[in-house]
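Here the structure is laid out as structure tokens; the discussion comes afterwards.
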Amino acid sequence: MKDSYLNDAFFSRLEALAFNLRSNLAGYFGGKHLVNTYGQTVEFADFREYQLGDDIRRIDWNLYSRFEKYFLKLFTDERQMQVQIFLDCSASMGKDNPKKSAYAIATAAALGYLAVHNMDKVTFHIMKGNRAENPFGTIIGKTAFFRAIGELENLEFNDDADIGECVTSSPDTSSANGLTLIVSDFLTESNWKKAVDYLCYKKRQVLLMQILTPEETDPSYDGRVTLIDSESVDLSDPKNMKIRITKSMRQAYDEALADFKKDIKEFCSKRSVDYISISSDSPIEKVLFSELLKVGIMES
């Protein structure tokens, strides 16, 4: 039986949250995200002087009686966001660790639920090889969302995934209309930075969510061991090796992991991209209610 976090109680705890978009949205009327343009909501924003061709029904006659000038009432505009979730389904994300894959699926599902709960559109992109498949199309509303989640739990994690190619070849990445999330451990030789630069070029808000297991952040191996790359299909691959783990080697691993995370963080910081690294033994609610609130991607 597969591990699963997804149930009614899990989703109900998420309803106090919403995505916080830091830039203006283009397109998609009818959502719940306030933008810095004027529209047709009932929330007052400002006044401006009447110009020839304006709708006279929006003239504020109280101001006219005071200043003998015509002023229009302006109201805030609300837009609908398109949330894209790219999920890394390579072997390192859970082929030999079902809890890691279940955690990744639950994280993606939680983010997708927040989108539909707040009247946004959401798409799930399954990254395998050099392609990202969108098996569910554009999801609008909770009925379509829960139908997709039932299938999402049956995903298989195997082989590798070229994040850069998967994201840049996705045909439905539109510009300046929402948030793109990449859920991965980023333990890959592929050019994931290419994906980030492409999304920034498309003027999307971007969040990288790195999921690592406790064994990956603090391995407890000692003595002679055989290390096998989970994404290698050939046992003679030079990445597979027999070595003797020493104290100095564990220290070198810790330093390499710290440098790896630092490189991701600095790369993202230069591009105003959000990045968090989380352990798969952390409660998902803590990640959403704490870590994502800290970086400003969520609001309660």
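Rule-based calculations on the coordinates, nothing more; no lab input. The shown structure was predicted, so the numbers you read here are calculated from the model rather than taken from an experiment. A quick note on method: Cβ atoms are made from the backbone with ideal geometry, for glycine too, and the neighbour counts reach across all protein chains shown.
Table for the structure above
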{"read-out": "Subset of 194/294; 100/142; 99/128 violating a 21 Å alpha-carbon distance limit", "value": "194/294; 100/142"}
{"read-out": "³J(HN,Hα), Karplus 6.51/-1.76/1.60, whole Hz, each residue of region 166-173, x for Gly, Pro", "value": "4, 6, 5, 8, 5, x, 10, 8"}
{"read-out": "Low-density loop cleavage sites - chymotrypsin sites (Phe, Trp or Tyr not before Pro) in region 179-221, where at most 14 other Cβ are within 10 Å (DSSP)", "value": "221"}
{"read-out": "In region 155-192, the GluC sites (Glu not before Pro) that fall in loop regions by DSSP, at most 15 other Cβ within 10 Å", "value": "156, 189"}
